[in-house]
Amino acid sequence: MKESYQSLFEPFTFASGATIDNRIVMAPMTTQSSFVNGMVTSDELAYFKRRAKGLGAVITSCAQVREDGRFAGSLSAASDNRIESLSKLADSIQSTGSKAILQIFHVGRMGDRASLKGVQPVSASAVPALREGAEEPRELPDSEVCELVEAFGEATRRAIQAGFDGVELHGANTYLIQQFFSPHSNRRTDHWGGTLEKRMNFPLEVIEAAKKAIQTYAEKPFIFGYRISPEELEEPGITLQDTLAFLDKLKDTGLDYIHISTGSAFQSSMRDKSDQTPVLQLIHEKIGDSIPLIGVGSVKTPEDATAVLDMGIPIVALGRELIVDPDWADKVSSGKEDTIRKTISYSDQQELVIPDAMWEYIQLAPGWLPFERTND
């Protein structure tokens, strides 16, 4: 291994006491491949196991905390009869030596009646997303918001009982936790909205519910993470200033890490084009080392990965790169980084152990992965 890459393979210990073997983790990416009831399929088990070797941790695709919070093919952590299924997923990842972290979420207004079996999607307010075909969600009453907070705590308990090494609360990518924080989707004037501080209440109470479950049920150090999207383009939408204020609150919540979800780990503000400083760097400058950050997005080469660490970010996540080359980390650690695959072809599905539903999704998203050009 090149000396310049050694920092990627140093172990890291979280505040909880849990240690990962190196600084490279697999980013959460939906496979859309679970059974209709949310139970894990053999295809998913094989997909995750194929990619886990050589990584410090794998963060799974998201698992809903209630069945009205799913999308087609998502995992379920919504009831105790899903624990055995989740345990198979944890085992498949851990069998490679990597830590297994279950990401938990609720789809909120990004759901639709088709995948929710006719049930209307729910959200902080009855405001549809700004996307084609978006349905108007039902505004959650206070009592049901409290039930949802509890549901995140229960899903955390199930992750512990299934044998996972941690959970990541999905507060990013426009799903329900983010919807409560966003002034676009949250127009409430009660405890859960109306001011920036009140828009923080739902995510903060979800964090508290998950933390309480960890304190009650975890018998060994358990990794506790939170994923956040730092900005929205909608008007009104989440600004970087909103996020920095929220991060000030998160510093005191007992989180092990905050995962900054951006299209590129090196991108600057989407809203303030005059500032070319990477958002990840701005966030690190704001919160310092009080909570470790995970950087993600367009990290393709080991040089990209070390550049993230050089910003003071202790952990780097790979997403699409591990779809294209599941052996990315092993190739870097063994000095074979020149053999890392950079493209994917339409005949590679079996070799790369990609489930059918995920493969179809990939092919329907032009440009999402670097497919080789053909003469067909």
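Put simply, of Val65, Val36 the only residue that is of a type in the set (Val, Ile, Thr) and in contact with a His (Cβ under 6 Å, 6 or more places away or on another chain) is Val65.
Listed here are the residues, each with its yes/no results for (1) open to solvent by 30 Å² or more (accessible area, probe 1.4 Å); (2) among the small types (Gly, Ala, Ser).
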site: Ser76; (1), (2): no, yes
site: Asp80; (1), (2): yes, no
site: Thr96; (1), (2): yes, no
site: Leu102; (1), (2): no, no
site: Phe105; (1), (2): no, no
site: Ala114; (1), (2): yes, yes
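Residue pairs whose Cβ atoms lie under 7 Å apart, sitting 6 or more positions apart in sequence or on different chains, and linking a residue in segment 168-184 that is at positive phi and in contact (Cβ under 8 Å) with a residue 24 or more places away in the chain to a partner that is open to solvent by 10 Å² or more (accessible area, probe 1.4 Å) and not hydrophobic (A, V, I, L, M, F, W, C), are Asn173/Ser229; Asn173/Ser261.
Filtering segment 192-226 to residues that are hydrophobic (A, V, I, L, M, F, W, C) and outside any loop (DSSP other than H, G, I, E, B) leaves Leu196, Phe202, Leu204, Val206, Ile207, Ala209, Ala210, Ala213, Ile214, Ile223, Phe224. Looking across segment 118-161, the residues that are open to solvent by less than 10 Å² (accessible area, probe 1.4 Å) and assigned to a loop (DSSP other than H, G, I, E, B) come down to Pro121, Ala124, Ser125, Pro137, Leu140. Of all residues in segment 183-197, none are under 19 Å from the mean Cα position of the chain (by Cα) and surrounded by 23 or more Cβ atoms within 10 Å (Cβ to Cβ). With the condition kept exactly as written, say whether any residue in segment 212-221 is of a type in the set (Ser, Thr, Tyr) and either open to solvent by 10 Å² or more (accessible area, probe 1.4 Å) or over 20 Å from the mean Cα position of the chain (by Cα) (or both). Yes, because at least one residue in segment 212-221 is of a type in the set (Ser, Thr, Tyr) and either open to solvent by 10 Å² or more (accessible area, probe 1.4 Å) or over 20 Å from the mean Cα position of the chain (by Cα) (or both). Scanning segment 333-376 for residues that are of a type in the set (A, V, I, L, M), assigned to a loop (DSSP other than H, G, I, E, B) and touching a helix residue (DSSP H, G or I) at 6+ places or on another chain (Cβ under 8 Å) returns Ile340, Val353, Ile354, Leu369. In the set Phe164, Phe180, only one residue is surrounded by 24 or more Cβ atoms within 10 Å (Cβ to Cβ), within 25 Å of Ile283 (Cβ to Cβ) and modelled with pLDDT of 95 or more; that residue is Phe180.
The values are calculated or read from the model by the stated rules, or taken from the named source; none is laboratory data. Note that the structure is a prediction, hence the values are computed from the model and not measured. So basically every Cβ, Gly included, is an ideal-geometry build from the backbone, and we count neighbours across all protein chains shown. Surface areas here come from the heavy atoms of the whole protein model, side chains and all, with no ligands, DNA or RNA. Shrake-Rupley method; radii C 1.70, N 1.55, O 1.52, S 1.80 Å.
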